[in-house]
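Participant: Quick one: the structure is below, and I'll ask about it shortly.
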Amino acid sequence: MYKRQLSEYAIESYFARLSLAYKDRYVVNATSRTDGSSRFAPNTRWGYFPAASVGWRMSDESFLRDVKWVDDLKIRASVGQTGNAQIGNSEYLALYGSTNIDLGNGLTSQVYPTQIANNDLGWEKNTQYNVGLDVSLWRGTLGFTADYYYSKTTDMLFDVPVSSVSGLTSSNVNIGSMQNKGICLLYTSPSPRDA
């Protein structure tokens, strides 16, 4: 006989954004995102993830406006944070199962733990920093985008081994961190109509 098990969870989110631009030369953006997930305990349910970016189109400044071979030159920087809640449902709760065992006097019901409670289980967070340069020269004959990025993930969600005395093999916790960094360079060739 086939048994189908249904599982549900909910996410509630709020988002706000502020954008300011002056003559398309100076640009500032700020965002705030708030997410709540039923997969976490009430005291860790909500995560707050801000972000901000700035941009400066130097090619519109007076000291570059008369330089004919520079079409576009823009410097930008950003920092932002995102969250991850990709775990199973109710993994912060203590859960129990039951079975029947024969102790010699017939069947006896037994209750045993299937999951350890963790009221501190919360959002995994990733913070990323980026500094970039966008360049277009000689009416699009040469163009490139260069970026330096640094990304750090903290409070990572992992199943870690637990003592076999507990009767379990693992428990989901926030543990560890990871970082990535590098440089990305993208060359942009002119479109046929610009060539």
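The values are calculated or read from the model by the stated rules, or taken from the named source; none is laboratory data. What you are looking at is a predicted structure, and each value in this text was computed from that prediction instead of being measured. A quick note on method: Cβ atoms are made from the backbone with ideal geometry, for glycine too, and the neighbour counts reach across all protein chains shown. Surface accessibility is based on the protein's heavy atoms, side chains included, excluding ligands, DNA and RNA. Shrake-Rupley method; radii C 1.70, N 1.55, O 1.52, S 1.80 Å.
Participant: Which residues does a label at Ile101 reach in segment 157-180, if reach means a backbone N under 15 Å from a point 7 Å past the Cα toward the Cβ?
Facilitator: 165-168
Participant: While we're looking at this one, here's another question. Using a 1.4 Å probe on the protein heavy atoms, what percent of the accessible area of segment 1-99 belongs to carbon and sulfur?
Facilitator: The C+S portion of the solvent-accessible surface of segment 1-99 is 55 percent.
Participant: A further question on this structure: Compute the Rg to Rh ratio over the chain from the alpha carbon atoms, using the Kirkwood formula for Rh, and round to two decimal places.
Facilitator: On the way: Rg = 26.6 Å, Rh = 21.6 Å.
Here the Rg-to-Rh quotient is 1.23.
Participant: Looking at the calculated P(r) for segment 44-138, what percent of the C-alpha pair distances fall above 23 Å?
Facilitator: Of all Cα-Cα pairs in segment 44-138, 62 percent lie more than 23 Å apart.
Participant: Here is a follow-up. Which whole number in µm²/s is D for segment 1-86 by Stokes-Einstein, with the Kirkwood Rh taken over Cα pairs at 20 °C and 1.002 mPa s?
Facilitator: 129 µm²/s
Participant: Once phi is turned into θ = phi - 60°, what whole-Hz ³J(HN,Hα) does the Karplus curve with 6.51, -1.76 and 1.60 give for every residue of segment 12-20, x standing for Gly and Pro?
Facilitator: Result, ordered by residue: 10, 9, 10, 9, 9, 9, 10, 10, 10 Hz.
Participant: Please work out the FRET efficiency for the pair Ala21 and Ser163, using the Cβ-Cβ distance as r and a Förster radius of 41 Å; give the result to the nearest 0.05.
Facilitator: 0.10
Participant: List every residue whose amide H lies under 5 Å from the amide H of Gln115, counting only residues 5 or more places away in sequence or on a different chain, with H placed 1.01 Å from N in the peptide plane.
Facilitator: For Gln115, the qualifying residues are Leu95.
Participant: Which whole-number percent gives the relative contact order of the chain, counting Cα pairs below 8 Å spaced six or more residues apart?
Facilitator: Relative contact order of the chain: 16 percent.
Participant: HN-Hα J couplings of segment 131-142 from phi, Karplus 6.51/-1.76/1.60, θ = phi - 60°, integer Hz, Gly and Pro as x?
Facilitator: So the Karplus estimates, Gly and Pro as x, are 10, x, 9, 10, 9, 9, 10, 6, 6, x, 5, 10 Hz.
Participant: Give the accessible surface of the chain per residue, rounded to a whole number of Å², with probe radius 1.4 Å and ligands, DNA and RNA excluded.
Facilitator: Accessible area per residue, the chain: 69 Å².
Participant: Hey, how many Å between the Cα centroid of segment 35-71 and the Cα centroid of segment 132-157?
Facilitator: Taking the Cα centre of each part, segment 35-71 and segment 132-157 sit 13 Å apart.
Participant: Then there is this: Could you pull out the pairs from Lys23/Lys68; Lys23/Lys152; Lys68/Lys152 whose alpha carbons sit more than 29 Å apart here?
Facilitator: Details: Lys23/Lys68 20 Å; Lys23/Lys152 34 Å; Lys68/Lys152 41 Å.
With Cα atoms farther than 29 Å apart: Lys23/Lys152; Lys68/Lys152.
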